[in-house]
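Please read the structure below before turning to the comments.
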Amino acid sequence: QVQLVESGGGLVQPGGSLRLSCAASGIVFRINNMAWYRQAPGKQRELVARATRRGSINYADSVKGRFIISRDNAKGTVTLQMSSLKPEDTAVYYCNSEDSNGKGYWGKGTLVTVSS
């Protein structure tokens, strides 16, 4: 089992920055992918960014050039540095991981609100 705990959400003005962190505990060595998803009110959950254990990274088109995902395999952490935030980035952000058996895990989420 893997447990994920997010931190770092909050209220930020448009154009501002926030850094989200996620710490995994449990069978961390089995984690392959770590990712951030988000779900805005009334919308489906969507992938924001994913980082594989081997270092491959992909981003949603809507955040390319503004968000940066990074992970520390040894510590079992993943961060999301968000810059140039827009009101449409407002959502609950969820940390996700997938282990070597393909089992997925979710954190409880952290709210990011971009508003003036």
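Do you know the relative contact order of the chain, to the nearest whole percent, from alpha carbon pairs under 8 angstrom that are 6+ apart? Working shown, then result.
Working: 286 pairs, mean separation 43.1, N = 116.
Dividing the mean separation by the residue count of the chain yields 37 percent.
What ranking do 78-88, 45-55 get when scored by the average of other Cβ atoms within 10 Å per residue, highest first?
78-88, 45-55
Over 20 Å between C-alpha atoms is what I'm after, so list which of Lys64/Lys86; Lys64/Lys103; Lys43/Lys108 land there.
On the way: Lys64/Lys86 13 Å; Lys64/Lys103 27 Å; Lys43/Lys108 17 Å.
As for pairs spanning more than 20 Å Cα to Cα, those are Lys64/Lys103.
If packing is taken as the average number of other Cβ atoms within 10 Å across a peptide's residues, how do 90-99, 63-72 rank, most packed first?
90-99, 63-72
Given a 1.4 angstrom probe, I'd like the percentage of the accessible area of the chain that is carbon and sulfur, rounded to a whole number.
Working: 3010 of 6210 Å².
Taking all protein chains in place, the chain shows 48 percent carbon and sulfur surface.
What are the residues whose amide H is under 5 Å from the amide H of Phe67, where those residues sit 5 or more places off or on another chain and H is modelled from the backbone?
Those lying under 5 Å, H to H, from Phe67 are Ser83.
So if we plug the beta-carbon distance of Ser100 and Ile57 into 1/(1 + (r/R0)^6) with R0 = 25 Å, what FRET efficiency do we get, rounded to 0.05? If you can, show how the numbers build up before the last one.
Numbers: r = 19 Å, r/R0 = 0.77.
Working from the Cβ atoms, E equals 0.85.
Accessible area per residue for the stretch 23-116 in Å², computed with a 1.4 Å probe and the full protein assembly in place, what is it?
I get 54 Å² per residue for the stretch 23-116.
With each pseudo-label sitting 7 Å past Cα toward Cβ, what's the Ala74-Val5 distance in nm, one decimal?
Output for this residue pair reads 2.2 nm.
Normalising by the residue count of the stretch 48-116, find the relative contact order in percent from Cα pairs under 8 Å and 6+ residues apart.
Once divided by the residue count of the stretch 48-116, the mean separation gives 22 percent.
If I model a spin label as a point 7 Å beyond the Cα along the Cα-Cβ vector, how far apart are those points for Leu47 and Glu88 in nm?
2.0
The values are calculated or read from the model by the stated rules, or taken from the named source; none is laboratory data. Just so you know, these numbers come straight off a predicted model, no measurement behind them. Note: ideal-geometry Cβ built from the backbone for every residue, glycine included; neighbour counts use all protein chains shown. Remember, those area values only see protein heavy atoms, side chains included, never the ligands or the DNA or RNA. Shrake-Rupley method; radii C 1.70, N 1.55, O 1.52, S 1.80 Å.
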